[in-house]
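Below is one structure, written out as structure tokens; comments come after it.
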Amino acid sequence: MLYLHQSNQLERLAQHFAALQRIDPLSPLTHEMVVVQNSGMGRWLSLQTARFNGISANIRYLFPAEMTWELLRAVLSDVPEKDPCAPASLRWRLLTVFLQEPDEWPELNHYLATGAAGAWQLAGQIAKVFDQYLFFRPDWIREWEAGGGAVDDWQVRLWWRVAGAQKLPHWVRLQARFAAAMQQAAHTGSPLPTRISFFSVPVLSPGYVQLLTQVAQYIDIHVYLMNPSIEYWGDIESEKRRRKQSPEAQALTTVGNPLLASWGRQGRDFLDQLLEANAETDDTLFVETDETTLLQQLQADILHLRMPESLPPANHSSIAFHSCHSPLREAEVLYQQLVVLLSKNESLTPADIVIMMPDIDTYAPYLEAVFATADPPLPYSIADGSPRFTQGMLNLCQQLLGLPQTRCDVESVLALLEFEEVREHLAMDEAQVMQCRAWMRAVNVRWGADTRMRDAQGGAVTLEHTWRYGLDRLLLGYALPGTDLFADVLPFNDIEGSLALLLARLQQLLDAVLGLAAWQGQTHPLAVWDQRLRQVLHAVVGETANLSMVWQALDQLKKTVTQADFAEPLAWEIFQAALLEQLDKRSEADGFLGRGITFCALMPMRTVPFRFVGIIGMNDGVFPRRDTRASFDRMGLQVRRGDRLKRDEDRYLFLESVLSAREWLYISYVGQSQQDNSELPPSVLVSELLDYLERCGATRKALITKHRLQEWENTLEAGGNGEALWGGESWQFLPSPDSNY
């Protein structure tokens, strides 16, 4: 049976999920299978389950694709362990075709003519497009494989070449066999799990919903869905869309709540799909909210699908907007706000605070710089950031992989000595690093390993100012007096005593690193590249350094290539790009709901309830994302209901974020130019929210606080009086510890 549990509060859904485990427990050794969209949601649900039941154990969290593949493997006998048409694997299959048969695809010649790197990038884009076709256009795939497509259609021919002719067991092909196999399994004993729960998954493709409908005939499937409104809102339209309709259509169209109509399209379509699947709905989990603050009034308007109404001005303190000049100022202002808010509310703890941002990589360094050195200190953790910001070894590996694309200029090479792992291996301290830099300046090293590299880079074919020339001068300076030329090289006269040991260690590093310059343009099997890179890393940081994440990335790359039956030699550009992508994969669980304040990316299905929800970096053009599609992506030519559009996805994400705030909602953005102090608009979603709040009786002047360019400027524009409102109290911003006022 398919059960749909709806609520406007995620805590209520978690409580109901915990009650199901308590009232109807599975056998002790049976996993409770729960499908979530990211690891962070699974972690939060485990904490909530432990809170309600006293313990959370034996829950297995899966992503939708993992769950689907496990169901297929449980019923069908010849399903491989990994999906052979997953984008990561399909990309290598496409690359094989492009490298072996470049002339067979004249339609793609303008891409493939750029060489192996162009073929790799094209294969990645097409793999993503084909993956979307599998889940959102299965009728196309069936038609192509049945031979109904046009023979002059390159996408049909390419799909048949990489998947159809080999009869790869992809999602569409297996789903056609799944229903028949389920009926047979029902008579012989179902191999399916006892029940499956979907928790806070706001969107699934129509193919997934169809699969759930089939499986729900044999087992219980519980869908726990955040529904912003207790009323039916499947036919509401935004005011903008309504104005575009004819007068007759406008008479039949309702807006309901402007924000829900504008931001909720994705959730509305998914809810309609579940209702059409005849799910048994439970509408008893909705929670009425108090309407004593502006934030609660907004949430209640959405809950009851009504237009905004004015509130007394004293209730407008639960939502605040801050306009700053730069991301750094946003981080500084955020810290000041949190310090005062925590001092005014003793029950509020840093763990009750989440700060989300669309561009975590841009803001993470500024947040680290402000919060790591602030006094008083606030505990915090940063999730979703690029691994290179937290793993120095990964940053070092990425810098090494990028050297063959450079001219091996002196700064790019000597920057390796800034890594602690390199200095420890070479037994260098900071003073010795400065000595190495002084040597390079003295012998005038500029760029290029030797004359061959200079020639290949289009420079003057001279030995002077190359690394080889500089090293020759330094080594000769230790062996000979610096008064006479030796083989047209003037010895550098200041190398003596213990400096010779430092020079030897520097040469050890340079011999390993400068050899990377010759890798550009080379082609080798993956095993050879793997071995060569391991040798370079051992030479640079030693065999005792913690390189486990690099080795894991290399092993995973080899597994993917093996699964895709890729056996072609790899150009250096492809190996480098593939490994860098593997190294940059982010863990969605690390740092989320960790110590103190949670900083994380504003990403789909990540929003969980917090007392204080902050969203920073809401700049114009950054969020919501634009739906940019490849020119050959045909899904953009005819959008169907249920398609995932980035713009609609981000709008619904912003709606979920607003609804997840329990007491305070904080939004900041770069709203003033650093050059001329001119006003910059925020994200269109922030503008829509401000328009709505004005209709509730608030004014933009009272809601938006405009901050000065520098932290030490003690004048603050906030409603014209230098004050901000939190929890019904007015307070002055605290000065920073190093200020003079």
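The values are calculated or read from the model by the stated rules, or taken from the named source; none is laboratory data. Every value quoted in this text rests on a predicted model; they were computed, and no experiment measured them. As a convention, Cβ positions derive from the backbone with ideal geometry for all residues, glycine included, and neighbour counts pool all protein chains shown. To get the accessible areas, we keep the full protein, side chains included, count just its heavy atoms, and leave off ligands, DNA and RNA. Shrake-Rupley method; radii C 1.70, N 1.55, O 1.52, S 1.80 Å.
Identify, from the list Asp530, Asp494, the residue that is open to solvent by 50 Å² or more (accessible area, probe 1.4 Å) and either assigned to a loop (DSSP other than H, G, I, E, B) or not polar (S, T, N, Q) (or both).
On inspection, the qualifying residue turns out to be Asp494.
For Pro481, state whether it is free of Cβ contacts under 8 Å to residues at least 24 places away in the same chain and touching a helix residue (DSSP H, G or I) at 6+ places or on another chain (Cβ under 6 Å).
no
Please tell me if Leu463 is at pLDDT 85 or above and either part of a helix (DSSP H, G or I) or open to solvent by 20 Å² or more (accessible area, probe 1.4 Å) (or both).
no
Out of everything in region 599-608 that is in contact with a Leu (Cβ under 8 Å, 6 or more places away or on another chain) and at pLDDT 80 or above, what residue ends up being farthest from Leu526 (Cα to Cα)?
Val608
Every residue in region 337-376 that is more than 14 Å from Trp664 (Cα to Cα), in contact (Cβ under 8 Å) with a residue 60 or more places away in the chain and among the acidic types (Asp, Glu), please.
Passing the criteria: Asp359, Asp375.
Mind checking which pairs have a first residue in region 228-240 that is surrounded by 20 or more Cβ atoms within 10 Å (Cβ to Cβ) and among the polar types (S, T, N, Q) and a second that is assigned to a loop (DSSP other than H, G, I, E, B) and modelled with pLDDT of 85 or more, Cβ under 8 Å, 6 or more apart or different chains?
Correct list of pairs: Ser229/Asn8; Ser229/Asn257; Ser229/His304; Ser229/Leu305.
Give the residues of region 401-423 that are under 23 Å from Thr451 (Cα atoms) and assigned to a loop (DSSP other than H, G, I, E, B), sorted by residue number.
Of everything in region 401-423, those that are under 23 Å from Thr451 (Cα atoms) and assigned to a loop (DSSP other than H, G, I, E, B) turn out to be Thr406, Arg407, Cys408, Asp409.
All but one of (1) farther than 19 Å from Glu496 by Cα; (2) surrounded by 15 or more Cβ atoms within 10 Å (Cβ to Cβ) hold for Gly458; state the number of the condition that does not hold.
(2)
Do we find that Val339 is outside any loop (DSSP other than H, G, I, E, B) and either modelled with pLDDT under 90 or out of contact with any Gly (no Cβ under 7 Å at 6 or more places or on another chain) (or both) in this structure?
It is true that Val339 is outside any loop (DSSP other than H, G, I, E, B) and either modelled with pLDDT under 90 or out of contact with any Gly (no Cβ under 7 Å at 6 or more places or on another chain) (or both).
Tell me, yes or no, whether region 704-721 has at least one residue that is in contact with a helix residue (DSSP H, G or I) (Cβ under 9 Å, 6 or more places away or on another chain), open to solvent by 70 Å² or more (accessible area, probe 1.4 Å), modelled with pLDDT of 75 or more and of a type in the set (S, T, N, Q).
Yes; the residues of region 704-721 include at least one that is in contact with a helix residue (DSSP H, G or I) (Cβ under 9 Å, 6 or more places away or on another chain), open to solvent by 70 Å² or more (accessible area, probe 1.4 Å), modelled with pLDDT of 75 or more and of a type in the set (S, T, N, Q).
What residue, among those in region 423-455 that are surrounded by fewer than 17 Cβ atoms within 10 Å (Cβ to Cβ) and aliphatic (A, V, I, L, M), is farthest from Leu514 (Cα to Cα)?
Per the criteria, the residue is Ala431.
Determine whether region 190-208 contains at least one residue that is over 27 Å from the mean Cα position of the chain (by Cα), of a type in the set (Lys, Arg) and closer than 30 Å to Asp282 by Cβ.
yes
What pairs can you find where one residue is in region 18-32 and more than 14 Å from Ser46 (Cα to Cα), the other is open to solvent by 80 Å² or more (accessible area, probe 1.4 Å), and their Cβ atoms are less than 6 Å apart, with a gap of 6+ or different chains?
What qualifies is Leu26/Thr194.
Tell me, yes or no, whether region 127-137 has at least one residue that is open to solvent by less than 10 Å² (accessible area, probe 1.4 Å) and not in a helix (DSSP H, G or I).
yes
Contact list please: Cβ distance under 6 Å, first residue in region 161-173 and open to solvent by 60 Å² or more (accessible area, probe 1.4 Å), second residue in a helix (DSSP H, G or I), pairs at least six apart or on different chains.
Arg161/Val97
Scan region 309-340 residue by residue and report those that are more than 19 Å from Val658 (Cα to Cα), open to solvent by less than 20 Å² (accessible area, probe 1.4 Å) and among the hydrophobic types (A, V, I, L, M, F, W, C).
Correct list: Cys324, Ala331, Val333, Val340.
If the Cβ limit is 7 Å and pairs must be 6+ apart or interchain, which residue in region 669-689 that is more than 23 Å from Arg626 (Cβ to Cβ) pairs with which residue that is in a loop (DSSP other than H, G, I, E, B) and open to solvent by 50 Å² or more (accessible area, probe 1.4 Å)?
Within 7 Å, the pairs are Gln672/Leu680; Gln674/Leu709.
Do any residues in region 100-129 that are within 22 Å of Pro84 (Cβ to Cβ) have Cβ atoms under 6 Å from those of residues that are of a type in the set (Phe, Trp, Tyr) and open to solvent by 70 Å² or more (accessible area, probe 1.4 Å), where the two are at least six apart or on different chains, and which pairs are they?
Leu122/Tyr111
Would you mind telling me which numbered condition in (1) open to solvent by 20 Å² or more (accessible area, probe 1.4 Å); (2) touching a residue at least 60 places away in the same chain (Cβ under 8 Å) Val215 fails?
The number of the failed condition is (1).
In the set Arg651, Arg647, Arg625, Arg662, which member is open to solvent by 10 Å² or more (accessible area, probe 1.4 Å) and more than 20 Å from the chain's Cα centre (by Cα)?
Arg662
For a quick check of your reading of the model, give me the residue pairs whose first member lies in region 455-466 and is farther than 14 Å from Asp409 by Cα, whose second is of a type in the set (Val, Ile, Thr) and part of a loop (DSSP other than H, G, I, E, B), with beta-carbon atoms closer than 8 Å and at least 6 apart or on different chains.
Asp455/Val461
Please list, ordered by first then second residue, the pairs with beta carbon atoms under 7 Å, 6 or more apart or interchain, first in region 45-60 and closer than 15 Å to Leu26 by Cα, second open to solvent by 70 Å² or more (accessible area, probe 1.4 Å).
Asn53/Arg22; Asn58/His31; Arg60/His31
In region 565-598, how many are in a loop (DSSP other than H, G, I, E, B) and at pLDDT 75 or above?
Summing the residues that are in a loop (DSSP other than H, G, I, E, B) and at pLDDT 75 or above in region 565-598 gives 9.
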